[in-house]
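Below: one structure, written as structure tokens.
The values are calculated or read from the model by the stated rules, or taken from the named source; none is laboratory data. None of these values were measured; they are calculated from a predicted model. Positions of Cβ are generated from backbone atoms using ideal geometry, with glycine treated the same way; all protein chains shown enter the neighbour counts.
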Amino acid sequence: MTRITPQPGIMDIALYQGGASHVDGVVDVIKLSSNENPFGPSPKAIAACQASAAGLHRYPSTDHSALRSAIAEVYGLDMKRIICGVGSDEIIHFLCQAYVGQGDEVIHTEHGFAMYRISTLAAGGTPVEVPEDTRRVDVDAILAACNDRTKLIFIANPNNPTATMIGLEEITRLASGLPPQALLILDGAYAEYVPDYDGGAALIEARENVVMTRTFSKMHGLGGLRVGWGYAPKAIIDVLNRIRGPFNLSTTALETAEAAVRDTDYAAMCFAENAKWRERLASELDKLGIPSDKSEANFILARFPSEADANACDDHLKSQGILVRRVAGYKLPTCLRITVGDGPSCQRVVAAIKTFCEQAA
């Protein structure tokens with residue numbers, strides 16, 4: 001009898017675990033486990049979402065031209081180089097599906113986003129993990145891992161869950177040193193939280209081997225709608241559009257995202273609040289003996305003396321209705337990733353961790 005089996009690599013994929021959203025028996029829970037915008041979507045985005053309901057019987061746009069035009073206008077980009085997807089995850093998946101096959105290798109760093117490995121295995125490729133340098137991308141380690149089988153190199157900049165990033169000079173050095181058949185993918189999910197940073201857009205316009213992915217899930221507060229986009233040389237966009245489903249984004253998603261990206265005043269408010277409370281949260285925890293690297297995102301990676309301490313603190317926070325993220329799965333067992341919430345949420349986190357430290361002393 002023929003046995004029905006999946007493609008090689010599929011069963012090597014561990015199921016992705018999202019951040020927890022509730023605690024049994026605890027009310028007034030604050031969720032700081034998924035790097036969500038604590039202020040939610042722009043009021044203009046919410047209004048666009050509500051208005052879209054009247055047209056739900058119609059198929060959505062297949063070319064996403066209105067949203068691509070809005071993205072291009074706000075960020076100063078060429079709309080012909082933009083592709084939209086179901087979160088940046090789908091763009092990552094498209095890249096692996098289009099450029100990776102059996103025998104090909106895809107490089108990611110040791111603390112990199114889990115979807116790089118998942119999408120590589122789903123395409124039949126081989127994930128290659130390289131070490132980081134004190135929780136930062138190590139360009140030399142990546143270049144040393146490249147060979148004639150290397151097809152894609154993924155780096156998140158800023159990175160999740162470390163919140164660290166490398167500068168344009170290092171990104172350029174990496175892109176310049178890659179083998180000719182390889183693409184550098186710059187995951188810019190948190191790029192909006194970095195002042196004066198284009199996510200690599202200018203580098204893409206100057207080269208043929210760099211791609212940028214972005215998302216509406218973080219700064220724009222649309223995680224529940226799943227909208228992302230990519231920016232790449234036109235030839236690569238043409239390839240990706242050949243495997244993109246024609247109706248991959250709903251009318252609601254497209255119209256809401258367009259309103260969100262155009263509301264630059266709201267984004268500026270979210271940026272300022274995040275920067276303010278990120279600095280305060282990191283500073284207050286540092287005073288308690290819990291350091292973190294300088295964060296360039298909307299979360300901090302709090303470091304504890306041991307895995308036992310990190311887990312005990314997480315248990316204490318849960319008992320207080322505060323959900324953060326353990327990151328042992330990212331090879332950071334002594335750390336907790338804490339989303340930067342609004343002011344009251346950050347103050348509540350600091351107070352709870354202070355109590356934990358006093359009890360543990």
**OP:** Can you tell me which residue among 44, 80 is basic (Lys, Arg), modelled with pLDDT of 95 or more, surrounded by fewer than 22 Cβ atoms within 10 Å (Cβ to Cβ) and under 19 Å from residue 262 (Cβ atoms)?
**Re:** 44
Original post:
Are any residues in the range 83-99 surrounded by 20 or more Cβ atoms within 10 Å (Cβ to Cβ) and among the β-branched types (Val, Ile, Thr), and if so, which ones?
Top reply: 83, 91, 92
**OP:** Tell me which residues, restricted to the range 314-358, are in a helix (DSSP H, G or I) and closer than 30 Å to residue 13 by Cβ.
**Re:** 314, 315, 317, 318, 328, 329, 330
Original post:
Could you say whether any residue in the range 225-234 is more than 18 Å from the chain's Cα centre (by Cα), at pLDDT 95 or above and in the same structural domain as residue 117 (by TED's automatic domain parsing)?
Top reply: yes
Subject >> Residue check, residue 196 surrounded by 22 or more Cβ atoms within 10 Å (Cβ to Cβ) and acidic (Asp, Glu) >> reply: no
Original post:
Taking residue 191, is it at pLDDT 95 or above, under 19 Å from residue 300 (Cβ atoms), touching a Ser or Thr at 6+ places or on another chain (Cβ under 8 Å) and crowded, with 19+ Cβ neighbours inside 10 Å?
Top reply: no
**OP:** Kindly list, by first and then second residue, each pair from a residue in the range 100-113 that is assigned by TED's automatic domain parsing to the domain that holds residue 165 and surrounded by fewer than 20 Cβ atoms within 10 Å (Cβ to Cβ) to a residue that is aromatic (Phe, Trp, Tyr) and not in a loop (DSSP other than H, G, I, E, B), limited to pairs with Cβ atoms under 9 Å and residues at least 6 apart or on different chains.
**Re:** 110/330
**OP:** Mind telling me which of the residues 242, 262, 280, 303 ends up being surrounded by fewer than 23 Cβ atoms within 10 Å (Cβ to Cβ) and touching a Pro at 6+ places or on another chain (Cβ under 7 Å)?
**Re:** 303
**OP:** Can you tell me which residue within the range 283-300, out of those that are surrounded by fewer than 17 Cβ atoms within 10 Å (Cβ to Cβ) and not acidic (Asp, Glu), is nearest to residue 218 (Cα to Cα)?
**Re:** 294
Subject >> Residue under evaluation residue 179, criteria (1) under 20 Å from residue 95 (Cβ atoms); (2) surrounded by 18 or more Cβ atoms within 10 Å (Cβ to Cβ), criterion not met >> reply: (2)
